[in-house]
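Working notes, structure below.
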Amino acid sequence: MMNALRQGATSGPSVVGETTTSAGKKDLDDMLEQMCGEIEAEPIETASTAASKRKLPDSAAAAPKPNKRQAGKKAPPSDAVTVKMEVDSTPAAVVKKEPEDVKMEDASTVKAEAPSADAVKQEISAALAAARVKTEPGIDSLAESGESLSSWMAGSASGDSSASGLKGKLRLEDDGGLWFFLIDAFEDERSNPPRVHLFGKVRVSAEQSASGQIEYRSCCLVVERLERAFHLLLNVEDPDDEAMVKAAAEATDKEFDELCQKHSPGVKKLRSNLKMRNYCFEKALPQGHGNLPFLKVVCDSAGAIPPLGLVGYSFSHTFGISTSLLERLLVTKRIMGPSWIRLAPGSWIEDPARLSSCAVELRISPKSFEVPKTDDARRSWSATMPSASPPLRVMSVSLQTVQPSAQQPHEALAIACTLHPTISPDASDSDRELKQGMGRWVGVRRLDANRPFPRDAEKVLAQQGVQSHNNETALLGAFLAKVQEFDPDVIAGHNAYGFDLDVLANRLHQLKVNQWQKFGRLRRPKDRCPRIEGRQGAGYWVGSNLTAGRLVCDVLLQSRDLLPKLGSYDLPTLAREQLGERTLFVVEPENMVHFYDSAKNLAELAQHTLNSALCVARLAQSLQILPLSRQLTNLAGNLWNSSLQNKRAERNEMLLLHEFHKKKFVLPDKENNFAKKRQQRDSAGLDDADEPDQGTTGPRRGKAQYSGGLVLEPKAGLYDDFVIMLDFNSLYPSIIQEHNICFTTVERPNENDIAKIANEAELLAQTQLPDGTTEEGTLPQVLRRLVESRKTVKMAMKSERDPKKLQMLEIRQKAIKLTANSMYGCLGFSNSRFYAKPLAALITAKGREALQTTIAVVQQELQLDVVYGDTDSVFVNTKTANYDQAMQAAEQIKRSVNKRYKRLEIEIDAVFVRLMLLKKKKYACMKVIDWKTKKFEHEFKGLDIVRRDWCALAKEMGEAILLRVLNGDNVNKEESMHWVHQFLADKAVEMDELKVPTVKYIITKALTKDPKDYPDAKNQPHVQVALRLMARGKP
């Protein structure tokens, strides 16, 4: 096939030779070589199968029509773009069928009972040919659809979005208790004494409402009189000898005082107690794991902190020194994310010396929190707890900037925000909540101090409700005043952490705007505006400190996680793909000055900035960012902002911290970077993973220090018989439950011993699974609870008729699934405090074993071929062209595999009517969506044409050729080769004649760090482009 294609490229029709140069022929040959490199492998055929290959008519994959417009002009949709079979609303990747009571002897019996292969293949070919094919529009021509932004805003119910007009008093319970809904938290380490600020909502009874309607006001709980707790492991030979343990505790108490007096004289010890606590983690302790004696020392947070790594003669380790006050408060008071918290009656005071800008501020202590510890207490709580979450006030912000020169920073030129006071944190009600009470604000300033606004600009802007300001300081001041007036709970933006918040922080600092703290909810008049000198997009620290007390919803950050298949994540692309909005555009830096040519143009800039802000709010609502992140946070017990920042490792850590603290475990400490690097260096001798993840973007990961999933070498070729893909449901979480794998159950080497182990085989040999009598570990318990909870939610979804409640249930089940599937990650992530290499290696080893067992079942019991396998899935060639018989074989595989396990379960994930296997993690297929209606869908996995760093033209051409292979006449290969050659030759002519729009040559490639930080920037074209864009003033 490859040779024929190459020969055809050099001996094309004469018309091509007349219109192309010799260089053009070489380019055509090179392109042909590249496009066909991945389909070089020929299918394995026998005499019996060669005659039964499916034949599809040419009409199923007709060649695209050439583009007839010149480059630089908008072109009509190209027929070659993303041709796919029509799909209904059923998920495309999963085809399931209930098990049938069909007795399966073996594959030969199935095939013997099948009707004529030729008859079946003709039926399928006719079905594929008759299937409705739809063409997605090209990049440069999209049909107008969706509600326009102007009509959308016109339909909003405007109202007073100010938060300052609400009057009322706190709504207390009958016994004087107070319910507080937590939204965010901030630990002020620099205050003396240290404080933790909890931000959220309290209920008030509105004075202006005759019915006493319940309203909500922003509230800050200032937690004072905080304590630090340290656990000192006693040096005793026999932990069961009470007299010896008591004597060691007294000696440790005295020695601790002496060491603190010597190294940290400011430590203020309050009390100490002997405690028996469990320990089961990776730190090498003299007594090993188990129930061990500790001296618990409680100190005043206003005093100094003992030095890290404090040890003495009477105690060998000190735990808890690096634990933050906020973490200890969340864990000890069992605060599980954004939820209602009850304060004990009379446990707070209102201090006139306000530390926040919230409507209500209360001073409390840790003893103010009521924590239900019994079932009766929890039932009592449920009876009095508010049934609904308070609505959130969301401010969506868009920023236009100008950079006077490459050496100067970006300056704010126009700021717009939309204000949405009634957004539900549980589930969105389409766009109704966004429109209800919606407000808007837009401000622009002069381009420079010496250039006035265009004629009548101030009048035109005022008519449109746009504020005009003479300079940047006035613009920022007006914006901060609007933020304080509206008092948002959430600030939404596109690339908020990477650009907007950094620019605002830098300008507030440079211009010495004293009211910068209005952007958050803390009053810090003596503090400098948070910023990192000379850095842009330096992480979350600047944005988190600038907006303390408010959530930050970065649509760009979330869309990369929720929409992984998009080629670009700029705001116009997201608005087009998710909202059907096609009027947004990116303002190029050199075009910014043209908006100041006339009042009309300046008004258009203001309107465009406002439209961008509105699209940010609509995207956040469309993607369900707040409800999903809220559910994830409730499951893990971390901070909501951390979930909005996609900090999965921190989320998993907090979930385990809560679980192990309930069971009276001493928790592992966070280690500093030096200790982590030393540990990684000492244990770097283990085997690397077999197959790196080729689909990830972002910073390059270091090589795994243990083997990952099993990836079989595929039997390359084009398969015409049905191929079934079977997939293990949640493989690693199921393995943890199946084998009871946990810190508390598995005997394994500690971190010191691991450094001496030569390879992974030796590591696994020293890691012992628990026997069947061992009590269920904490990790399996957590996962089982999550799985059972998800089943309960899915059962409730079947009978729920309320659309909003159904949406809430859908969000919750998705959050539970994400949490359960990510639990394994903390075991294998070297920067996690719960990193346990032996457990991670054991889990992946059991995964490889499960896949090998499945392969043996397929090949030995059913006499079928496994043509490919990857981590948790197998591709089985059923050797039949009969759909029903293929499904029977798949059901038999399911039964044979699932009966071997209690928790592991394999399911039918997809049915391929045609499959082209190329190499590991690279294949193309035509999937069955609905066999009865003959609906199919193509899917390309791992191929270069699905990568973001290939231009649209290359993707279209590669996809068209693959579809020809999957849908075309595979018996007459010469005809297929001729079609491919002609198709490429026609495309070459179009390119030579400049008929392909320039936009189709654009390559998208992600940056993993600041362009200035690349050591080999000169050798990386995309880095050079980024540097040039930065020089042009583009963010």
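Where a number appears in this text, it was derived from the coordinates with a stated rule and is not lab data. Computed from a predicted structure; not experimentally measured. Virtual Cβ from ideal backbone geometry, glycine too; neighbours counted across all protein chains shown.
By how many nm would the segment from Lys246 to Ser316 grow when fully extended, if each residue of separation counts as 0.36 nm and the alpha-carbon distance is taken off?
Values: separation 70, 0.36 × 70 = 25.20 nm, distance 1.60 nm.
Roughly 23.6 nm would be gained on extension.
Just add up the charged neighbours of Asn470: K/R +1, D/E -1, any other residue whose Cβ is under 15 Å from the Cβ of Asn470.
Working: positive: Arg445, Arg446, Arg451; negative: Glu411, Asp448, Glu458, Glu472.
Neighbour charge sum, excluding Asn470 itself: -1.
Please give the peptides 234-243, 453-462, 1012-1021 ranked by average Cβ packing (other Cβ atoms within 10 Å per residue), highest first, as a rough proxy for protection.
Values: 234-243: 14.0, 453-462: 15.8, 1012-1021: 11.6.
Order by mean packing, descending: 453-462, 234-243, 1012-1021.
What does the convex hull of the alpha-carbon atoms of the stretch 164-390 project to on average, in nm²?
Details: hull surface 61.3 nm².
Projected over every direction and averaged, the Cα hull of the stretch 164-390 covers 15.3 nm².
Quote to one decimal, in nm, the extra length available between Leu270 and His509 on full extension: 0.36 nm per residue of separation minus the C-alpha distance between them. Please report the intermediate quantities before stating the final value.
Values: separation 239, 0.36 × 239 = 86.04 nm, distance 4.12 nm.
So the extension gain works out to 81.9 nm.
Taking the Cβ of Arg446 as the center, what net charge do the other residues with Cβ under 14 Å away carry, scoring Lys and Arg +1 and Asp and Glu -1? Walk me through the numbers on the way to the answer.
Details: positive: Arg445, Arg451, Arg455; negative: Glu411, Asp448, Glu458, Glu472, Asp597.
Combined, the nearby Lys, Arg, Asp and Glu give -2.
What ranking do 722-735, 587-600 get when scored by the average of other Cβ atoms within 10 Å per residue, highest first?
Details: 722-735: 23.1, 587-600: 14.9.
Those peptides, ordered most packed to least, come out 722-735, 587-600.
I need Arg651, Arg790, Arg947, Arg528 ordered by Cβ neighbour count within 10 Å, fewest first.
Values: Arg651 26, Arg790 19, Arg947 16, Arg528 10.
By the 10 Å Cβ count, ascending: Arg528, Arg947, Arg790, Arg651.
Taking the Cβ of Gln510 as the centre, find all other residues whose Cβ is under 10 Å away and add up their charges (Lys, Arg: +1; Asp, Glu: -1). Can you show the working numbers first?
On the way: positive: Arg507, Lys512, Arg531; negative: Glu411, Glu472.
Local charge sum for Gln510: +1.
Rg and Dmax of the stretch 320-427, using alpha carbons, in Å: what are they?
21.0, 67
Identify the GluC sites (Glu not before Pro) of the stretch 753-838 meeting these criteria: DSSP loop state and at most 16 other C-beta atoms within 10 Å of the C-beta. List each step's numbers first, then the result.
On the way: sites: Glu760, Glu762, Glu775, Glu776, Glu788, Glu800, Glu810; in loops: Glu775, Glu776, Glu800.
In loop regions of the stretch 753-838 (DSSP not H, G, I, E or B), the sparsely surrounded GluC sites (Glu not before Pro) are Glu775, Glu776, Glu800.
Of all alpha-carbon pairs in the stretch 250-323, indicate the percentage at a distance above 17 angstrom.
On the way: 1194 of 2701 pairs.
Cα-Cα pairs of the stretch 250-323 separated by over 17 Å account for 44 percent.
Percent of alpha carbon pairs in the stretch 911-976 separated by more than 19 Å?
Numbers: 840 of 2145 pairs.
The share of Cα pairs beyond 19 Å in the stretch 911-976 comes to 39 percent.
Mind ordering 620-629, 308-317 by average Cβ neighbours within 10 Å, highest first?
Averaged packing, sorted descending, gives the order 620-629, 308-317.
Along the Cα→Cβ direction, 7 angstrom out, place labels at Asp753 and Ser568. What is the inter-label distance in nm?
Going by the 7 Å Cα→Cβ label model, 5.6 nm.
Note down the nm distance, to one decimal, between modelled labels 7 Å out along Cα→Cβ at Gln261 and at Gln852.
So the two model labels end up 6.2 nm from each other.
For a bin width of 5 Å, list the pair-distance distribution of the stretch 461-569 built from all Cα-Cα distances, rounded to whole %.
2, 12, 19, 22, 19, 12, 8, 5, 1, 0
Rg (Å, one decimal) plus Dmax (Å, integer) for the alpha carbons of the stretch 174-283?
For the stretch 174-283, the Cα radius of gyration and maximum Cα-Cα distance read 22.9, 72 Å.
Within the stretch 437-461, list the residues whose amide N lies under 18 Å from a label point set 7 Å along Cα→Cβ of Asn471.
The answer is 444-453.
Taking θ as phi - 60°, what are the ³J(HN,Hα) couplings along the stretch 252-261 by the Karplus curve (6.51, -1.76, 1.60), each to the nearest whole Hz, with x for Gly and Pro?
So the Karplus estimates, Gly and Pro as x, are 5, 4, 5, 5, 4, 4, 5, 5, 5, 4 Hz.
Any idea what the relative contact order of the stretch 164-390 is, in percent, if you count C-alpha pairs under 8 Å spaced at least 6 apart?
Numbers: 418 pairs, mean separation 57.9, N = 227.
Computed over the stretch 164-390, the figure is 26 percent.
R0 = 56 Å: FRET efficiency of Lys919 with Leu308, Cβ-based, nearest 0.05?
On the way: r = 49 Å, r/R0 = 0.87.
In this case the efficiency is close to 0.70.
Compute the length gained on full extension between Lys526 and Thr792: take 0.36 nm times their separation in residues and subtract their Cα-Cα distance, giving the result in nm to one decimal. If you can, show how the numbers build up before the last one.
Working: separation 266, 0.36 × 266 = 95.76 nm, distance 5.19 nm.
Between Lys526 and Thr792, full extension yields 90.6 nm more.
Could you pull out which residues in the stretch 399-419 have an amide N less than 18 Å from a spot 7 Å beyond the Cα of Ala449, following the Cα-Cβ vector?
Within reach of a label on Ala449, which here means backbone N under 18 Å from a point 7 Å along Cα→Cβ, the stretch 399-419 contributes 402-405, 408-413.
Label-point separation (nm) for Glu993 and Val586, each offset 7 Å from Cα along Cα-to-Cβ?
Inter-label distance under the simple model: 3.1 nm.
May I have the pair-distance distribution P(r) for the stretch 818-956, computed from all Cα-Cα distances with 10 Å bins from 0 and rounded to whole percent?
10, 30, 32, 22, 6, 0
Taking the Cβ-Cβ separation of Met385 and Arg225 as r and a Förster radius of 22 Å, what is the calculated FRET efficiency to the nearest 0.05?
Values: r = 26 Å, r/R0 = 1.19.
The formula returns an efficiency of 0.25 here.
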